[in-house]
Amino acid sequence: MISSLLHDPRSRPAWLTLLVLLLAIISWLAFGSASPTPNLPGWDKVNHLLAFLVLGTVASFAHAPGWRRAMVTALGLLLYGAFIEIVQAQLPHRHGDWDDLAADAVGLLCGLLLAAGLRRATAAAHSAAGTNGDQD
């Protein structure tokens, strides 16, 4: 089951739908009024890291595997992170912070590595099932 979700090209539309939903939720959170968060050092950076870890992982499964697609995914999501910071700098109730973009990049890298690791770990089961996904 999990192997099929990670490797079968027919599951990509579902991953893409989830990615679009996550982008909408993250945009709503990023551009809405600032929510009360714990007053802990680095909490905002942890939120950015976790959000982009999830985005990177889900985006990786929304397209065929391959390093070129992963690089395009990474660039697109980093541009999205930069867009968030630029827009937040213009909002009266928010502020842009380029350190947030660094946290986005770390989370994104972790997400891409997680997706690659999950694909590699489930490749044997997928091959045993007798189906092959397209490769870069």
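A short reminder: the numbers here are calculations on the coordinates, not readings from a lab. Please read these numbers as outputs of a predicted model, since none were measured by experiment. In this analysis, Cβ positions are derived from the backbone assuming ideal geometry, glycine residues included, and neighbour counts consider all displayed protein chains.
Going by the alpha-carbon gyration tensor, a ≥ b ≥ c the square roots of its eigenvalues, is the range 61-123 rounded (a/c under 1.5) or, if a/c is not under 1.5, prolate (a/b greater than b/c) versus oblate? Prolate shape, in that a/c is at least 1.5 and a/b is the bigger ratio.
When the charge dipole of the range 1-91 is built from unit charges on Cβ atoms (+1 for Lys and Arg, -1 for Asp and Glu) and taken about the Cα centre, the candidate among 70, 4, 19 whose Cα reaches farthest toward its positive end is 4. Ordering 52-59, 16-23, 85-92 by mean Cβ neighbour count within 10 Å, with the highest value first, yields 52-59, 16-23, 85-92.
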